[in-house]
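Have a look at the structure below before the remarks.
The values are calculated or read from the model by the stated rules, or taken from the named source; none is laboratory data. All values derive from a computational prediction rather than experimental measurement. Every residue, glycine among them, receives a Cβ derived from its backbone with ideal geometry; neighbour counts consider all protein chains shown.
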Amino acid sequence: MRRASLGDVVRADGNGQAGFTVFSQIQTEFDKVKIGIGARPNPYQLGDEANGSRYSKEIRIDGETFKNSTVLGDYVRAIWLTPSLDRLFTGPAAERRKFFDRFVTGFDPAHNARTSRFEKAMRERNKLLEKNIMDDVWLAGIEGQMAEQAVAIAAARREVALHLSALLEAGSQSAFPFARIAMEGDLEQLIGERSAIEVEDIYLQRLKDNRPYDQQSGRTKFGPHKSDLLAWHGSKGIEAKKCSTGEQKALLIALLLAHAKLVTQVAGDAVLIMLLDEITAHLDAGRRAALFEELGDLNAQLFMTGTDRELFGAITDTSTVFEIDEGSVKL
């Protein structure tokens, strides 16, 4: 659903004229906040079936309309874990990068907008090169936008990696293995050695020098879209991708818990919501108990899902349990 266009989310059995809305009420420390997110039909594009933008996203907070979803970070920070992430350390770098960027967005809600602006500018540059439009002024303008966003992205990633590393170090005696992490990327490395302005100038020059290569390959060779999240089992000193399935899941949970603690430190009045699907898979009874204890210490609203009710037996007395059966929800 995250990758679906708004037009794909409206009711399949309707004519789509009404759009849709998801309403929620968030209880912050001081007050209740009404938040609605939905899609409103664009009357000028309703006949254009091929265009997913025929619907406009609408965000309303206490009756006031907002266009930028970044504002939601002032009220809610969401963290989620799904079974597909169990293969995070052995999968492609793009998935790890996307995973860590969600961590950065939880720390700084504006990060997602930066990555979107960078990717949009990069696509525009690639199209110009593909069409052999070698207008130096035009390209320089787009590359300037890319450099500004790229350095901000790399700096934010580096900052979050440092904060998480400190929290992981502090929690190294927990039931979950001590994880070491680092963001591997040319810009992230330069940010640690040079000022932001210097790094921006270096990146601009690299983009200009690489135009012939990027034109031939059809993609941008150098930038934050090439970075990767590296992780190690701290006590064993081995790469996460070489650990067992159970160890990888435990390392992933250690990262998740550290991230949740970091978000609670910086989120201010925003509410932390955690969506954890099959979180107990590959965990023995001891680690399940430790997980429930650490999650219980967080100031967050937790939703945990699984297909084996017995795995949640230790917390059924202190939790609300819903059972999904034949499309119905039973309490």
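Can you name the condition, by its number, that Pro212 falls short on among (1) surrounded by 15 or more Cβ atoms within 10 Å (Cβ to Cβ); (2) not in a loop (DSSP other than H, G, I, E, B)?
(1)
Answer yes or no: is there a residue in the range 110-133 that is assigned by TED's automatic domain parsing to the domain that holds Ile181, under 26 Å from Met304 (Cα atoms) and either modelled with pLDDT under 95 or not in a helix (DSSP H, G or I) (or both).
Within the range 110-133, one or more residues are assigned by TED's automatic domain parsing to the domain that holds Ile181, under 26 Å from Met304 (Cα atoms) and either modelled with pLDDT under 95 or not in a helix (DSSP H, G or I) (or both).
Filter the range 188-203 for residues that are buried (at least 18 other Cβ atoms within 10 Å of the Cβ) and either in contact (Cβ under 8 Å) with a residue 60 or more places away in the chain or farther than 24 Å from Leu128 by Cα (or both) and give the result.
Of everything in the range 188-203, those that are buried (at least 18 other Cβ atoms within 10 Å of the Cβ) and either in contact (Cβ under 8 Å) with a residue 60 or more places away in the chain or farther than 24 Å from Leu128 by Cα (or both) turn out to be Glu188, Leu190, Ile191, Val199.
When the range 283-331 is examined, which residues are found to be closer than 30 Å to Glu29 by Cα and of a type in the set (Val, Ile, Thr)?
Result: Thr305, Ile315, Thr316, Thr318, Thr320, Val321, Val329.
Among the residues of the range 206-213, is there at least one that is within 27 Å of the chain's Cα centre (by Cα) and either modelled with pLDDT of 95 or more or on the phi < 0 side of the Ramachandran plot (or both)?
Yes, the range 206-213 contains at least one residue that is within 27 Å of the chain's Cα centre (by Cα) and either modelled with pLDDT of 95 or more or on the phi < 0 side of the Ramachandran plot (or both).
What tally of residues in the range 81-115 results from selecting those that are under 10 Å from the mean Cα position of the chain (by Cα), exposed (fewer than 14 other Cβ atoms within 10 Å of the Cβ) and either under 17 Å from Met274 (Cβ atoms) or among the polar types (S, T, N, Q) (or both)?
0
Show the residue pairs meeting these rules: Cβ distance below 6 Å; 6+ apart or different chains; first residue within the range 159-183 and within 20 Å of Lys249 (Cβ to Cβ); second residue among the aromatic types (Phe, Trp, Tyr).
Correct list of pairs: Ser172/Phe178; Arg180/Trp232.
Looking at Ser165, Ser172, Ser116, which is the one that is of a type outside the set (A, V, I, L, M) and in contact with a Phe, Trp or Tyr (Cβ under 8 Å, 6 or more places away or on another chain)?
Ser172
May I ask you to verify whether Ile142 is modelled with pLDDT of 95 or more, of a type in the set (Val, Ile, Thr), in contact with a Pro (Cβ under 9 Å, 6 or more places away or on another chain) and part of a helix (DSSP H, G or I)?
Spelling it out, it is not the case that Ile142 is modelled with pLDDT of 95 or more, of a type in the set (Val, Ile, Thr), in contact with a Pro (Cβ under 9 Å, 6 or more places away or on another chain) and part of a helix (DSSP H, G or I).
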